[in-house]
């Protein structure tokens, strides 16, 4: 596959790039600071540009099969980049988009106290991510939105648990970034996740 990665210099995005290259995919990384991506591979193309710029995203989507976004950041980065992705994907004729979000957005899965506290502490981030996800949902793209629990930098655990629709979140749930990266890559080529939100963690969960 020819995969475009946004957020490739982040801790999760870098793992997506490394794992994709290890699996013999071709990777194009759109990054603000190319020098921050210390990965060298003949199948890697690093392009300087803003993920919030539709024209920059459209350029890297040329001949791509899928786009994976692991972008973080503050302000309106996620919502602006999602709108740029929708516009650019239409121009480039690319449909498959996988977006990594946060379990904090799924506040209805928390108990009332945790819901209140996370809303107060992370309200602006939740608002930005929710707006970006709304832009994807309202598009005709073949999207998958992945809600992951707290991310850790440890080695891959090799296990990813998917919460059911009625599953509840707790703040104790964690998952290794390496496992998330692997799951995102699988999702990019998995028709069963088409136009779905999927909620994942790295441990056994209550149903």
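Within segment 73-93, does at least one residue satisfy the condition of being part of a loop (DSSP other than H, G, I, E, B) and either buried (at least 24 other Cβ atoms within 10 Å of the Cβ) or free of Cβ contacts under 8 Å to residues at least 40 places away in the same chain (or both)? Yes: segment 73-93 contains one or more residues that are part of a loop (DSSP other than H, G, I, E, B) and either buried (at least 24 other Cβ atoms within 10 Å of the Cβ) or free of Cβ contacts under 8 Å to residues at least 40 places away in the same chain (or both). The set of residues in segment 125-149 that are assigned to a strand (DSSP E or B) and surrounded by fewer than 19 Cβ atoms within 10 Å (Cβ to Cβ) contains only 142. What are the residues in segment 53-71 that are surrounded by fewer than 17 Cβ atoms within 10 Å (Cβ to Cβ) and either under 16 Å from the mean Cα position of the chain (by Cα) or in contact (Cβ under 8 Å) with a residue 40 or more places away in the chain (or both), if any? Within segment 53-71, 63, 65 qualify. Kindly indicate whether any position in segment 141-157 is touching a helix residue (DSSP H, G or I) at 6+ places or on another chain (Cβ under 7 Å) and without any contact (Cβ under 8 Å) to a residue 24 or more places away in the chain. Yes, segment 141-157 has at least one match.
Among the residues of this structure, residue 198 does not count as one that is in a helix (DSSP H, G or I) and touching a residue at least 12 places away in the same chain (Cβ under 8 Å). For residue 24, the test of being surrounded by 12 or more Cβ atoms within 10 Å (Cβ to Cβ), assigned to a loop (DSSP other than H, G, I, E, B) and more than 18 Å from the chain's Cα centre (by Cα) is failed.
Read the figures in this text as sums done on the coordinates, not as results from a lab. From a predicted model like this one, the values you see are computed outputs, not experimental measurements. All Cβ positions, even for glycine, are placed from backbone atoms using ideal geometry, and neighbour counts span all protein chains on display.
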